[in-house]
Amino acid sequence: MKFSLLFLFTTLMQVSAASSYGQKNTITMDVNGVAMSNVFQIIENQTDFHFFYNRNELNLNQKVD
């Protein structure tokens, strides 16, 4: 009985994860030679997404091709 409930719960969680908010958004950008920080800003302006990162581990001045 407990196994059946666990299996049912796990299955329902998989179904809800497939239709989550982040999976429905599509972003199209044409950026060449733009800094990574600007790309993050463009995405944040067009969507409700926000990026969290450690500035010591990410080069924000790196250009995107």
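Figure legend. Inter-residue proximity from the range 42-62: first residues without any contact (Cβ under 8 Å) to a residue 24 or more places away in the chain, second residues assigned to a loop (DSSP other than H, G, I, E, B) and open to solvent by 90 Å² or more (accessible area, probe 1.4 Å), beta-carbon distance below 8 Å, spacing 6+ or different chains. Indicated pairs: Glu44/His50. Among the residues of the range 37-62, just one is in contact with a strand residue (DSSP E or B) (Cβ under 6 Å, 6 or more places away or on another chain) and open to solvent by 40 Å² or more (accessible area, probe 1.4 Å), namely Asn61. All told, Met29 falls short of being modelled with pLDDT of 90 or more, surrounded by 10 or more Cβ atoms within 10 Å (Cβ to Cβ) and hydrophobic (A, V, I, L, M, F, W, C).
The values are calculated or read from the model by the stated rules, or taken from the named source; none is laboratory data. This structure is a prediction, so every number in the text was calculated from the model and none was measured. Cβ atoms come from the backbone with ideal geometry, glycine included; neighbour counts cover every protein chain shown. With ligands, DNA and RNA removed, areas are computed over all heavy atoms of the protein, side chains included. Shrake-Rupley method; radii C 1.70, N 1.55, O 1.52, S 1.80 Å.
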